[in-house]
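**Q** So that we are looking at the same thing, I have put the structure below in structure tokens.
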Amino acid sequence: AQRVTQPEKLLSVFKGAPVELKCNYSYSGSPELFWYVQYSRQRLQLLLRHISRESIKGFTADLNKGETSFHLKKPFAQEEDSAMYYCALGGETSGSRLTFGEGTQLTVNP
Amino acid sequence: NAGVMQNPRHLVRRRGQEARLRCSPMKGHSHVYWYRQLPEEGLKFMVYLQKENIIDESGMPKERFSAEFPKEGPSILRIQQVVRGDSAAYFCASSYYGQEAFFGQGTRLTVV
């Protein structure tokens, strides 16, 4: 069965500090991992996906199959990064149904 | 392209009434997904539809819930005889086959 775990519901850091949002998954096949972000009063939007290996808004995430993790990192957090972050797991075909974690509310304090 | 449009944004229903939630996918997208977010929980997959076909409804409750995506018009998520436990945010997403899914702003259903 597919499962995504985000152990921290709330995470608070100061501006300029490094931030890491944890995500662990369980999946028997070849996983597709995503991070979605939801800013206040806005819709959920894709932040990044592991296959693209991009850095978006300074965020990166590396898929570690040995540890079944896909942690989201940013070396220097900004106040505008404050949002709800969801880790999501898809099947072999991207764009197919997603299994979401319960989300981490990130607050970046000035 | 206005993005994925969901309406209404807020819906209040009394127990026992029917709720109809609409989702218009992005132009050119033929795949629609519905998710439910209960209070204090993450998004849970409900159903995946293509035009006139239900592809995966493994997340749908067995009773009272149904979904359709007709050849013309929006996708509809229908909840019959609503109960308080149906109160949640319902999100729709659409994609072109195999590509990124884009989300609507959700419909917040409150059952009183």
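**Q** Report the rotationally averaged projected area of chain B based on its alpha-carbon convex hull, in square nanometres.
**A** Averaged projected hull area, Cα only: 6.6 nm².
**Q** Under 12 Å from a point 7 Å along the Cα-to-Cβ line of B:Arg9: which residues of segment B:82-112 have their amide N that close?
**A** It comes to B:105-108, nothing else.
**Q** Also, I was wondering about something else. Just add up the charged neighbours of B:Ser75: K/R +1, D/E -1, any other residue whose Cβ is under 10 Å from the Cβ of B:Ser75.
**A** After counting each charged neighbour, the total is +1.
**Q** Counting other C-beta atoms within 10 Å, and keeping those with at most 15, which DSSP coil chymotrypsin sites (Phe, Trp or Tyr not before Pro) do you find in segment A:5-57?
**A** Within segment A:5-57, the qualifying chymotrypsin sites (Phe, Trp or Tyr not before Pro) (loop, at most 15 other Cβ atoms within 10 Å) are A:Tyr39.
**Q** Can you give the log10 of the normalised intensity I(q)/I(0) at q = 0.17 Å⁻¹, computed with Debye over equal Cα scatterers of the protein assembly as shown?
**A** -1.22
**Q** Taking only C-alpha pairs under 8 Å that are 6+ residues apart, what is the relative contact order of segment A:13-110 in percent?
**A** Rounded, it is 37 percent for segment A:13-110.
**Q** Just how far, in whole angstrom, is segment A:34-68 from segment B:1-50 if you go by their alpha carbon centroids?
**A** If you average the Cα positions of each part, the centres end up 23 Å apart.
**Q** Compute the Rg to Rh ratio over chain A from the alpha carbon atoms, using the Kirkwood formula for Rh, and round to two decimal places.
**A** 0.95
**Q** Moving on to the next point. Which semi-axes, in whole Å and largest first, does the equivalent ellipsoid of segment B:31-77 have when worked out from the alpha carbon gyration tensor as the square roots of 5 times its eigenvalues?
**A** Values for segment B:31-77, descending: 20, 11, 9 Å.
Since every read-out is calculated from the coordinates, none of them should be taken as a lab result. Fair warning: this is a prediction, and the values are worked out from it, not measured in the lab. Positions of Cβ are generated from backbone atoms using ideal geometry, with glycine treated the same way; all protein chains shown enter the neighbour counts.
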